[in-house]
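Below you'll find the structure, written out as structure tokens, and then a few comments.
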């Protein structure tokens, strides 16, 4: 996911994206625990995307 894609989302879309990223992170952690993960770098990417989305949600809430 690109930074520009995230910045163009509204607050409800950001919350939906956060929920889907958290579910993806959970799935990747389970794959890591059972040693079935094919690309461990995905976990790092999802973690950073979660941080980006949470930061934007906080910024948008402070603007209101």
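The values are calculated or read from the model by the stated rules, or taken from the named source; none is laboratory data. Since the model is a prediction, treat every value here as computed from it, not as a measurement. FYI the Cβ positions are ideal-geometry reconstructions off the backbone, even for glycines, and counts take in every protein chain you see.
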Q) Taking only pairs six or more apart or across chains, which ones have beta-carbon atoms under 8 Å, a first residue in the stretch 35-53 that is free of Cβ contacts under 8 Å to residues at least 60 places away in the same chain, and a second residue that is surrounded by fewer than 16 Cβ atoms within 10 Å (Cβ to Cβ) and in a loop (DSSP other than H, G, I, E, B)? A) 49/1
Q: Give just the number: which of (1) free of Cβ contacts under 8 Å to residues at least 40 places away in the same chain; (2) surrounded by 13 or more Cβ atoms within 10 Å (Cβ to Cβ); (3) more than 13 Å from the chain's Cα centre (by Cα) does residue 60 not satisfy?
A: (1)
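Does residue 39 satisfy being in a helix (DSSP H, G or I), loosely packed, with under 12 Cβ neighbours inside 10 Å, more than 13 Å from the chain's Cα centre (by Cα) and at negative phi? Reasoning before the result, please.
Numbers: in a helix (DSSP H, G or I): no; loosely packed, with under 12 Cβ neighbours inside 10 Å: yes; more than 13 Å from the chain's Cα centre (by Cα): yes; at negative phi: yes.
So residue 39 fails the test.
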**Q.** Unmet requirement for residue 30, which otherwise passes all of (1) exposed (fewer than 10 other Cβ atoms within 10 Å of the Cβ); (2) over 26 Å from residue 61 (Cα atoms)
**A.** (1)
Q: Test residue 25 against the criterion of being in a helix (DSSP H, G or I), surrounded by 13 or more Cβ atoms within 10 Å (Cβ to Cβ), modelled with pLDDT of 95 or more and out of contact with any helix residue (DSSP H, G or I) (no Cβ under 6 Å at 6 or more places or on another chain), and give yes or no.
A: no
(Q) Return the residues of the stretch 1-15 that are outside any loop (DSSP other than H, G, I, E, B) and surrounded by fewer than 12 Cβ atoms within 10 Å (Cβ to Cβ); say none if nothing qualifies. (A) 3, 4, 5, 7, 12
